[in-house]
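Peer 1: Below are the structure tokens for one structure; questions will follow.
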Amino acid sequence: MVQSRIKDLTLKSVDDESAGFSFTGYLSTFGNADRDGDVIEAKAFDAWVKEHPVVPMLFNHDRNKVMGKLSLSVDDKGLRVVGEFNEADPEAVNVHALIKMGALDSMSVGMAIKDYEPLDPDRPFGGWLIKQADVYEGSVVTIPANGEALIDNVKSLDDGERQELEALRLEKRRSEILGGFN
């Protein structure tokens, strides 16, 4: 019975070290102007998200500071994310702590614009209506371009959940070791 439980579990959460540090929020929102005057059109990310539902999570767009991963989805408000931190990375643990304390609460999308048009034809380099874009990364940021791109829920394992997770890890290891002697 225990072995089938472990087999059925082949727990992502047992194998996935980042399962304990997660959050949800918006990487980008639709229909509002950001600090640069750009507006993201609904459906701008649909094609990308369909093909690439997971992107790296960075800190302040620094490609040398990968904190974990972002699972992407699109809803009526914008580009929704579930972020998972790499719990083994001290910098990621620090950023998670800053989010939990409320010091950081904003996000920003790292994208390549594929289709756009100027919002004002007389100012072609002013704000753009972004119609299609590819998402290469998402960042937790200190100062967002889009003031509505916010983290809205932060989770981490409580002590009981950590103990349960550790017990499942031990049980899995024992099963793997004992399985080698059968």
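The values are calculated or read from the model by the stated rules, or taken from the named source; none is laboratory data. Not measured: the values here are computed from a predicted model. With ideal geometry, Cβ positions are generated from the backbone for all residues, glycine too; neighbour counts draw on all protein chains shown. We work out accessible area using only protein heavy atoms, side chains counted, and drop any ligands, DNA or RNA first. Shrake-Rupley method; radii C 1.70, N 1.55, O 1.52, S 1.80 Å.
Peer 1: Considering only the range 1-81, give the helices (runs of 4 or more DSSP H) lying wholly within it that have at least 2 residues that are open to solvent by 70 Å² or more (accessible area, probe 1.4 Å), modelled with pLDDT under 95 and more than 29 Å from Arg123 (Cβ to Cβ). Explain how you work it out, then say what you get.
Peer 2: Numbers: elements: 2-9, 12-15, 46-51.
Where helices (runs of 4 or more DSSP H) fall fully within the range 1-81 and carry at least 2 residues being open to solvent by 70 Å² or more (accessible area, probe 1.4 Å), modelled with pLDDT under 95 and more than 29 Å from Arg123 (Cβ to Cβ), they are 2-9, 12-15.
Peer 1: Could you tell me which numbered condition Asn86 fails, if it satisfies all but one of (1) farther than 19 Å from His52 by Cβ; (2) out of contact with any Ser or Thr (no Cβ under 6 Å at 6 or more places or on another chain); (3) open to solvent by 20 Å² or more (accessible area, probe 1.4 Å)?
Peer 2: The number of the failed condition is (2).
Peer 1: Among the residues of the range 144-162, write down those that are at pLDDT below 95 and open to solvent by 60 Å² or more (accessible area, probe 1.4 Å).
Peer 2: Asp152, Asn153, Lys155, Asp158, Asp159, Glu161, Arg162
Peer 1: Okay, next question. Please go through the range 122-143 and pick out each residue that is open to solvent by less than 10 Å² (accessible area, probe 1.4 Å) and either hydroxyl-bearing (Ser, Thr, Tyr) or without any contact (Cβ under 8 Å) to a residue 24 or more places away in the chain (or both).
Peer 2: Just the residues of the range 122-143 that are open to solvent by less than 10 Å² (accessible area, probe 1.4 Å), to begin with: 130, 133, 135, 138-141.
Result: Ser139, single match.
Peer 1: Another question, if that's okay. Counting only residues that are among the hydrophobic types (A, V, I, L, M, F, W, C) and assigned to a strand (DSSP E or B), how many does the range 82-113 have?
Peer 2: If we filter the range 82-113 for residues that are among the hydrophobic types (A, V, I, L, M, F, W, C), which is where we start, we get 82, 85, 88, 92-93, 95, 97-99, 101, 103-104, 107, 109, 111-113.
From what is left, the residues that are assigned to a strand (DSSP E or B) are 82, 85, 107, 109, 111-113.
Of the residues in the range 82-113, 7 are among the hydrophobic types (A, V, I, L, M, F, W, C) and assigned to a strand (DSSP E or B).
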